[in-house]
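A.B. asks: Handing you a structure now.
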Amino acid sequence: MHVYTVVPVAPFEPESVITKSIECLRELECDSFNHKVYYVIDTFPGDKRKLCRTLPDNFKMILRNTNRGRRAGAINDILNEIENADYMALIDVDWRPAKDYIVKCVAALEENDSAFSSSGCSFVTNNSNVLTKIMSIENYFLCDMYRLLFRSDSFLTFKGGGVVRGRF
C-alpha cells in the first residue's frame, strides 16, 4: 500500500518549524505500508541544503520557487510527483500528529468505503477585528472543503491534517 504525506510550506515558515515537523513525521508509525513524505516549499530565502541533508530516505523536499496558488498550488504541483497513491495525507507544517494518526485514518477508510469525518460550521461572532475576520474566513473555507471531500469519498480530520483516498 502506498501512502504519501504532503506538507505544504509557506515562504515565511521558520526553519525551526520545518525541523520540528520533520522530527515529528519521522516518528509516525507507518511501517505497515510504503510511506513517503513530501515537503512542498514555496520560494524560500536562504540556503536550505543543510535542512535537506537531515531528511530520512523516504522524505523529499520539492522547492517550487513560486508561491503561485499558495497551499492549493503546492498540492497541485506535488500531484505530478505522486503515482499509484492508495492514500494521501495532508499535514500542516506546524501541526504535530500522534504517531498512529495516519495508521488510524487509513484503517478507518479501509474499514468503511463511505467513511468521512466532519464538523459543523463555526463562526466568530464576537467583536470584529482582523483576527476574528481571518478566523471566520478560515472556517468558511474549511466548511467548503468538508463538502468537497464528502463528495470525493475522503476522510478529513479538523485542524492540521487529513487523509484522502488515492483515487481522486
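The values are calculated or read from the model by the stated rules, or taken from the named source; none is laboratory data. Since we're looking at a predicted model, the values are computed, not measured. Cβ: placed from backbone, ideal geometry, glycine included. Neighbour counts: every protein chain shown.
A.B. asks: Which numbered condition trips up Lys159, out of (1) at pLDDT 70 or above; (2) within 15 Å of the chain's Cα centre (by Cα); (3) part of a loop (DSSP other than H, G, I, E, B); (4) of a type outside the set (A, V, I, L, M, F, W, C)?
C.D. replies: Unmet condition: (1).
A.B. asks: What's the number of the condition Asn65 fails, among (1) modelled with pLDDT of 70 or more; (2) outside any helix (DSSP H, G or I); (3) within 21 Å of Cys30 (Cβ to Cβ); (4) not aromatic (Phe, Trp, Tyr)?
C.D. replies: Among (1) modelled with pLDDT of 70 or more; (2) outside any helix (DSSP H, G or I); (3) within 21 Å of Cys30 (Cβ to Cβ); (4) not aromatic (Phe, Trp, Tyr), the lone unmet condition for Asn65 is (3).
A.B. asks: A further question follows. Those residues that are of a type in the set (Ser, Thr, Tyr), touching a Lys or Arg at 6+ places or on another chain (Cβ under 9 Å) and free of Cβ contacts under 8 Å to residues at least 40 places away in the same chain, I need them from the range 1-43; list them, please. Before you say what the answer is, go through the steps one by one.
C.D. replies: Taking the range 1-43 first, the residues of a type in the set (Ser, Thr, Tyr) are 4-5, 16, 19, 21, 32, 38-39, 43.
This time we only want the ones that are touching a Lys or Arg at 6+ places or on another chain (Cβ under 9 Å), so: 4-5, 21, 38-39, 43.
Answer for the range 1-43, where residues must be of a type in the set (Ser, Thr, Tyr), touching a Lys or Arg at 6+ places or on another chain (Cβ under 9 Å) and free of Cβ contacts under 8 Å to residues at least 40 places away in the same chain: just Thr43.
A.B. asks: Right, here's the next one. Which one of these is at pLDDT 75 or above, assigned to a helix (DSSP H, G or I) and in contact with a strand residue (DSSP E or B) (Cβ under 6 Å, 6 or more places away or on another chain): Ile78, Ile82? Before you say what the answer is, go through the steps one by one.
C.D. replies: Details: Ile82 fails: assigned to a helix (DSSP H, G or I).
Of Ile78, Ile82, the one residue that is at pLDDT 75 or above, assigned to a helix (DSSP H, G or I) and in contact with a strand residue (DSSP E or B) (Cβ under 6 Å, 6 or more places away or on another chain) is Ile78.
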